[in-house]
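Working notes, beginning with the structure itself.
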Amino acid sequence: TLGDLIARHGALPPRDVEWLHLLVGDWQFISDLAFADLVLWLPTADGDFVAIAQCRPSTGATVHHDDIVGSSAPAGQHPQLRQALDDLAAQRSREPSWFGSYAVREEAVPVVRAGRPLAVIARQTNLGGARTPSRLELNYVEAADDLLGMVARGEFPYTDVPTGPRRGAPRVGDGL
């Protein structure tokens with residue numbers, strides 16, 4: 001579980017662990033708006049990053065067909081993840097990466113709580129079926145950018161919303 005992976009690979013206080021649980025509870029919405037996979041990377045004491053959660057979009061093609069939770073970040077991704085933590089700002093790759101036969105646009109967004117970075121979200125967009133996006137799709141991506149900006153500033157997730165089976169609803173396809 002998310003809690004087990006955090007306990008095994010990082011030492012976060014209970015409030016920070018709860019913050020990450022709240023984020024993961026609502027991030028399907030962000031993934032769908034962004035048309036992108038989201039991977040939550042936890043920095044480890046030895047300078048590595050371990051995937052503690054992942055989310056696939058229901059609005060577009062996925063990047064990770066296999067579950068990567070529990071695995072270490074590829075060495076080539078470390079500089080971008082580390083820079084996002086150090087700068088407390090999103091880092092977008094200038095050039096797409098290649099995952100087998102398709103290109104992927106990558107962005108690293110720090111997860112901040114109370115002014116401190118806890119983890120990094122890797123936003124990975126499969127460019128394999130790239131086409132000219134509609135105005136609606138552009139609005140979705142802009143909304144995802146806004147929400148991820150809030151994550152980087154420590155303004156999202158919200159702590160005062162109800163929990164339970166409705167958390168994470170509605171879905172993007174239900175109408176933005």
message = Yes or no: the stretch 74-83 includes at least one residue that is hydrophobic (A, V, I, L, M, F, W, C) and open to solvent by less than 50 Å² (accessible area, probe 1.4 Å).
response = yes
query = In the list LEU81, LEU40, LEU20, which residue meets the criterion of being closer than 30 Å to PRO133 by Cβ, assigned to a helix (DSSP H, G or I) and touching a residue at least 40 places away in the same chain (Cβ under 8 Å)?
reply = LEU81
task = With the condition kept exactly as written, say whether any residue in the stretch 22-45 is over 16 Å from VAL151 (Cβ atoms) and hydroxyl-bearing (Ser, Thr, Tyr).
result = yes
request  = Evaluate the following for GLY168: is it at pLDDT below 90, touching an Asp or Glu at 6+ places or on another chain (Cβ under 6 Å), closer than 19 Å to PHE35 by Cα and surrounded by fewer than 19 Cβ atoms within 10 Å (Cβ to Cβ)?
outcome  = yes
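In the stretch 69-113, which residues are of a type in the set (A, V, I, L, M, F, W, C) and at pLDDT below 95?
ALA75, TRP98, PHE99, ALA103, VAL104
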inquiry  = Can you tell me which condition THR125 does not meet? The list is (1) hydroxyl-bearing (Ser, Thr, Tyr); (2) at pLDDT 85 or above; (3) open to solvent by 40 Å² or more (accessible area, probe 1.4 Å), and all the others hold.
reply    = (3)
message = Looking only at the stretch 128-155, filter to residues that are more than 23 Å from PRO43 (Cβ to Cβ), in a helix (DSSP H, G or I) and of a type in the set (A, V, I, L, M, F, W, C); which one of those is most open to solvent (accessible area, probe 1.4 Å)?
response = LEU136
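The values are calculated or read from the model by the stated rules, or taken from the named source; none is laboratory data. Since we're looking at a predicted model, the values are computed, not measured. When we count neighbours, we look across all protein chains shown, and the Cβ atoms used for this are built from the backbone with ideal geometry, even at glycine. The protein model used for the area step is the full one, side chains on, heavy atoms only, and it has no ligands, DNA or RNA in it. Shrake-Rupley method; radii C 1.70, N 1.55, O 1.52, S 1.80 Å.
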